[in-house]
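A.B. asks: Sharing a structure below in structure tokens format, with a few things to ask.
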Amino acid sequence: MSAVSGRTRLGLEILAAGAALGIAGDGLMRVVPWGLNALLCTTGLVAAAAWLARRHRVAVSSDAPWLAVAALLIASNFVARDSMTLRAFDTIGLVIVLAVGFLSIQGASLRGREAWHYLRAGIEAALSAWFGVLPLLGRDVTWSELPGGRLRQIRAVALGGTLAFPLLIVFGALFSSADVVFHDVVADLFRVDFGAVLGHIVLFGIFAGTSAGYLRGAMLHAAPSRALTDGDSRLALGILPVATALGLVDLLFLFFVVIQLRYLFGGVELIAGATGLTYAEYARRGFFELVTASGLVLPLLAGADWAVRNETREHQRTFRQLAIVLLLLLAVVMTSALARMRLYVGAFGLSEIRVYSTAFMLYLAGVFAWFAWTTLRGQGRRFAFGALIQGFAVLGALHLVNPDALIVGTNLARPGDERPFDGWYAASLSADAVPLLLESLPRLPGRAQCGVAAGLLTQRERLEHGDWRNWNFARSRARRLLRDQEATLRAVRCPKNGS
């Protein structure tokens with residue numbers, strides 16, 4: 001009997017860790033909205049990866065510890081805030097941390113890598129999470145190395161039971177439909193909800209399979225033996241088509257900037273005379289288009305930089321000059337967008353999409369400045385890591401700001417004679433806004449007070465659902481406050497139409 005190899009032992013322990021995470025995921029994550037359960041499952045995954053790496057002396061990179069801390073910090077946000085939009089961004093943040101953590105566990109440093117290295121790592125991590133359990137079971141674990149006897153018999157019985165399970169379900173369903181007596185006997189013997197059982201099996205399989213597959217890809221699939229360099233591929237467009245394309249884009253941006261300098265920054269009279277719109281209406285029409293246009297510039301410049309990477313220094317200098325012109329014009333475009341948002345909010349108030357679009361615009365401003373400081377100075381390998389850190393910083397700042405409370409506070413501060421406070425919209429926000437709404441309720445005019453009271457009563461019904469698994473500080477606090485103020489909310493009388 002041959003000794004069990006280290007690869008087989010690691011594979012078996014990855015399977016065991018995956019099974020434990022599958023049980024935890026099925027038991028915790030089926031309760032929504034996510035809260036404490038997301039933090040617990042993330043902690044379990046981080047702990048499993050750390051335990052396996054330490055136990056089997058996996059040579060992880062120096063980035064692994066801070067990435068583990070970053071994953072736990074992002075997961076802790078599910079316990080702090082209730083905003084659905086923030087939870088979506090937290091989920092994206094966790095996925096990004098796991099993607100770059102995939103490289104780190106393989107022993108590859110994150111610094112000095114191009115952005116497309118991160119993208120490739122994300123794709124590999126996703127593929128490994130979804131399909132990695134198959135090679136783990138079929139190739140990485142050498143089952144013949146395991147001791148014989150009873151263990152081998154148990155494995156054979158388990159395999160036979162797994163193969164028979166779907167057959168028993170299919171034939172049992174057919175026989176139950178064919179004979180009512182058989183159906184009644186089976187129903188008496190197995191008083192279980194097969195739909196619920198199937199749901200548990202599916203969730204367990206998803207969490208166990210993806211966890212084991214991810215860990216397998218990170219620990220049993222070696223990272224590239226050398227860092228890829230720009231010279232690995234000779235495919236390039238050359239300076240002439242790149243310079244032509246960038247030059248034409250520069251001209252278009254210049255044309256737009258000239259119009260912006262004349263109209264948006266020129267005053268109310270010019271806008272009204274040229275378009276027939278008010279200043280705020282003119283600003284409102286273009287903000288999101290300018291955000292989209294600004295976001296598209298980054299992949300354009302990154303792609304152009306990649307296309308001329310094999311060119312001479314003179315040609316690369318030409319590209320950088322055109323890129324600097326585009327970035328300077330883009331600065332005016334982004335200033336125009338932010339000015340539009342300021343006018344937009346002043347006239348129509350603040351909303352979720354306006355908050356997050358502004359945050360994205362500010363993130364882009366930082367990323368473009370970093371792009372100019374690194375890539376356009378010949379230090380492109382520093383760019384991707386810095387942009388990643390800026391993204392985490394913006395996500396953390398959003399949690400500190402508390403967007404839903406910011407929206408309510410900003411809209412409350414606007415003069416009511418310009419545009420009435422929208423109580424229904426404010427109360428439809430998450431539990432993060434509930435304390436401020438309750439505090440300001442007595443000062444609101446009748447119709448806004450009615451909308452807030454009705455919306456908060458509906459909010460209370462939503463907050464009563466759930467259990468300890470999806471506990472969240474903001475929801476717990478809001479639930480307690482709404483219980484205390486329920487009588488006050490129900491005492492609010494809505495004015496009749498027209499009053």
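A.B. asks: Going residue by residue through segment 34-46, is there one that turns out to be aromatic (F, W, Y) and either at pLDDT 95 or above or touching a Gly at 6+ places or on another chain (Cβ under 7 Å) (or both)?
C.D. replies: no
A.B. asks: Residue under question is A283, and the condition is that it be in contact with a Lys or Arg (Cβ under 8 Å, 6 or more places away or on another chain), part of a helix (DSSP H, G or I) and either at pLDDT below 90 or within 30 Å of L350 (Cβ to Cβ) (or both); does it hold?
C.D. replies: yes
A.B. asks: Let me ask something else. Mind telling me which of the residues L237, L198 ends up being farther than 20 Å from S109 by Cβ, at pLDDT below 70 and aliphatic (A, V, I, L, M)?
C.D. replies: When all the criteria are applied, what remains is L237.
A.B. asks: Continuing with the same structure: Residues that are in the same structural domain as Q321 (by TED's automatic domain parsing), over 30 Å from the mean Cα position of the chain (by Cα) and at pLDDT below 95: does segment 413-429 have at least one?
C.D. replies: No: segment 413-429 contains no residue that is in the same structural domain as Q321 (by TED's automatic domain parsing), over 30 Å from the mean Cα position of the chain (by Cα) and at pLDDT below 95.
A.B. asks: Follow-up question, since we're still on this one. Does A365 satisfy being within 22 Å of the chain's Cα centre (by Cα) and over 20 Å from R113 (Cβ atoms)?
C.D. replies: When the stated conditions are applied, A365 passes them.
A.B. asks: Does G112 satisfy the criteria of being buried (at least 20 other Cβ atoms within 10 Å of the Cβ) and outside the structural domain of P435 (by TED's automatic domain parsing)?
C.D. replies: no
A.B. asks: Can you find, within segment 242-266, the residue that is modelled with the lowest pLDDT among those that are over 26 Å from R317 (Cα atoms) and assigned to a helix (DSSP H, G or I)?
C.D. replies: Taking the candidates together, the pick is R262.
A.B. asks: Provide a single number: the residues in segment 362-375 that are over 19 Å from V332 (Cα atoms) and in contact (Cβ under 8 Å) with a residue 40 or more places away in the chain.
C.D. replies: The qualifying residues number 1.
A.B. asks: Within segment 10-39, which residues are more than 14 Å from Y214 (Cβ to Cβ), β-branched (V, I, T) and over 23 Å from the mean Cα position of the chain (by Cα)?
C.D. replies: I23
A.B. asks: Have a look at V291, V355 and point out the one that is crowded, with 17+ Cβ neighbours inside 10 Å, in contact (Cβ under 8 Å) with a residue 60 or more places away in the chain and either of a type in the set (S, T, Y) or assigned to a helix (DSSP H, G or I) (or both).
C.D. replies: Answer to the check: V291.
A.B. asks: Quick check, is L137 under 24 Å from I14 (Cα atoms), surrounded by fewer than 19 Cβ atoms within 10 Å (Cβ to Cβ) and modelled with pLDDT under 90?
C.D. replies: yes
The values are calculated or read from the model by the stated rules, or taken from the named source; none is laboratory data. All values derive from a computational prediction rather than experimental measurement. FYI the Cβ positions are ideal-geometry reconstructions off the backbone, even for glycines, and counts take in every protein chain you see.
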